[in-house]
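Notes for the one structure printed next.
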Protein chains: 2
Amino acid sequence: MNSSIPARETIIATGERIARHIHRTPVMHSASIDGLIGATVFFKCENFQKVGAFKIRGALNAASLLLADDRARGLATHSSGNHAQAVALAARIFGVAAHIVMPRNAPRIKRAAVEGYGARVIESGPLQSDREATVRQVLEETGAAFIHPYDDDRVIEGQATVAMELFQQTMSEEPLHALLAPVGGGGLMSGSCFATRAFSPGTVLIGCEPAGADDAARSLAAGRRLENDAVDTIADGLRTNLSDRTFAILREHLREIITVTDEEIGSALRMVFERLKIVIEPSAAVPLAALIQQRERFAGKRVGIILSGGNIDLGVFPFSGYESPAG
Amino acid sequence: MNSSIPARETIIATGERIARHIHRTPVMHSASIDGLIGATVFFKCENFQKVGAFKIRGALNAASLLLADDRARGLATHSSGNHAQAVALAARIFGVAAHIVMPRNAPRIKRAAVEGYGARVIESGPLQSDREATVRQVLEETGAAFIHPYDDDRVIEGQATVAMELFQQTMSEEPLHALLAPVGGGGLMSGSCFATRAFSPGTVLIGCEPAGADDAARSLAAGRRLENDAVDTIADGLRTNLSDRTFAILREHLREIITVTDEEIGSALRMVFERLKIVIEPSAAVPLAALIQQRERFAGKRVGIILSGGNIDLGVFPFSGYESPAG
């Protein structure tokens, strides 16, 4: 599959298209984290974004680019995660219906959040094939437009605005030496590839993935798309596989993926809570975990990190099991 | 005891004196919290302050106002909380020694944080009288200047800059209807009294206290200073008693204290984590708990809340025991 590479102007126009409805999230910096890691680290805080994650950028861009008549028949997707809330909010912004297919066993709190945006939740069986069958039925019945969480050029262009903003917000004499972002289905990573190429080609882009769902790292190494047989990671937002589209983009533009253990993710998560005093979800801690793992090579450098979201279930996450790496 | 009321110019000058070394912390606002509470709520985020709490303001102001020769002999205090780190950092800023008396049973992590600022930690017995005896000995041996956590006019003037900034940052046609701040030893509350009088006299100032350490509420009701016999609250920063000085200020300037249960504090804490996506300590959730408890009377109003600090022990706090009031 040959995705076209969006030009600089395309990403800028995307940013302008969605700007009215989203936050330009802040970039945070902590002298104490810099001291611990030995680099100058800039955190792009998408945990403060609408719906608590970057996902609203892609969903809203896709919804914006629909013809008005098509959009009027509503938006649909299947997701139990942040993309579900993103499509629900995008639909509300345009005043159209949202049909969200969620597995029957999805957490009640996630379902409530989606319904809180006025969306209709349709239950499916727990398997990926169940979800897909249910969403096909919904599309047939409603004529709604399907918005995939990552296998969609419009979604990827929306996600590209995260890295674009981070580059704009950290501009100085010297570009960022490296940008670290998480890899799940590859939407944010594909967008980061395009934004880096367009706005900061001297920056080394690095993907970061949990060892327990490392399909992207294995796929890049093998030169063909591989899937996860089983996933085992606390980074619940990164358990999905690349699609053919995102694999093709990553193979062309991404040189490296660092994988990290759940223990490393937990330590990084704790560092963010303790030092930045902000709430992020486990998936969002993966790039910092990678930076900590390989901090020698980043010594003295300016490094950007995308904190992708903040929707953590506070009741179940076992903080006590993780020690801060600083002791 | 008759504390003089600092003039508007005094608080402004205090702010300028300490500005170079502290953060002008942001004021946050959340449409979803506004929707849940039915008021427009502005959060002054001292969890992002140096040392993770407002305490650096008072400690640094007190240190700044010492004669240089006196300061050169070092700073001393007794504290197992945020004030210990504040005095340690103030000493480091001036390049002088810090002697911090901490009870032998203080958490290792708090001791490490104080030592991280280069301070000397001196262990004492666990009782208040043990700490005071040990600090007297330290003062005799070193000639260091003692900085009390709240029973000190210079400290109170430093804490007054929190509310001053909040008023400046929320200025519009209409002043804040109410300002809610926590009451522990009364330093922040006394400073808030002075700042409200000086900068926003039309704002209703309300103290907020845990029911399990309600000496201030009982003292104001009785018209004389009463102490806590036993304290029982998760709001560990608010377990202290008023001093004669802070009681006199509160009796003169504060009309009302709202007390809240630990369950209400836990729910408010959870709301801040889930909706604002920031980390605060239990004591900092007390004013929001009070606002939620009495939200009918604040309906449609503009309300300021001081989030006093963010130094929560993530390993032990039982989030799972508290349900978000929104369900």
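Computed values, structure above
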| read-out | value |
| --- | --- |
| Rounded to the nearest 10 Å², the accessible area of residue A:45 at probe 1.4 Å | 0 Å² |
| With DNA, RNA and ligands ignored, accessible area of residue B:153 (1.4 Å probe; Å², nearest 10) | 60 Å² |
| Relative contact order (%) - criterion: Cα under 8 Å, at least six apart; region: chain A | 21 percent |
| The range A:36-137 - Kirkwood radius from inverse mean 1/r over Cα pairs (Å) | 14.4 Å |
| Cα→Cβ-extended label distance, 7 Å offset, between residue B:221 and residue A:261, nm | 5.5 nm |
| Cα centroid of the range A:122-139 to Cα centroid of the range A:208-237, whole Å | 24 Å |
| Percentage, to the nearest whole number, of Cα pairs in the range A:191-236 over 15 Å apart | 56 percent |
| Accessible surface of residue B:301 - all protein chains present, 1.4 Å probe, nearest 10 Å² | 80 Å² |
| Coordinate range along principal axes, alpha carbons of the range B:104-184, Å, largest first | 54, 27, 25 |
| Angle in degrees between helix B:187-199 and the longest Cα principal axis of chain B, rounded to the nearest 10 | 60 degrees |
| Convex hull projection area averaged over all views, chain B, Cα basis, nm² | 15.6 nm² |
| Selection of trypsin sites (Lys or Arg not before Pro), the range A:173-263, meeting DSSP coil and at most 16 other Cβ within 10 Å | A:224, A:255 |
| Along each principal axis, Cα extent of the range A:165-279, largest first, Å | 45, 36, 17 |
| Interface burial for A against B (accessible surface, 1.4 Å probe, total of both chains, Å², rounded to 100) | 1600 Å² |
| At 1.002 mPa s and 20 °C, Stokes diffusion of the protein assembly as shown via Kirkwood alpha-carbon radius, µm² per second | 82 µm²/s |
| Local net charge near residue B:130, Cβ-Cβ under 14 Å (Lys/Arg +1, Asp/Glu -1) | +1 |
| On Cα atoms only, tilt of B:128-142 relative to the major axis of chain B in degrees | 40 degrees |
| Helical mean residue ellipticity (222 nm; -39500 (n - 2.57) per DSSP H run of 4+; nearest 500) of chain A | -12500 deg cm²/dmol |
| Per-peptide average of other Cβ atoms within 10 Å, ordering B:48-55, A:206-213 highest first | B:48-55, A:206-213 |
| Solvent-accessible area per residue, Å², over chain A with all protein chains present [probe radius 1.4 Å] | 39 Å² |
| Cross-link pairs A:44/B:110; A:44/A:301; B:55/B:110 - those with Cα-Cα distance over 24 Å | A:44/B:110 |
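The values are calculated or read from the model by the stated rules, or taken from the named source; none is laboratory data. Since we're looking at a predicted model, the values are computed, not measured. Every residue, glycine among them, receives a Cβ derived from its backbone with ideal geometry; neighbour counts consider all protein chains shown. Areas reflect the complete protein model, heavy atoms only, side chains present, ligands, DNA and RNA absent. Shrake-Rupley method; radii C 1.70, N 1.55, O 1.52, S 1.80 Å.
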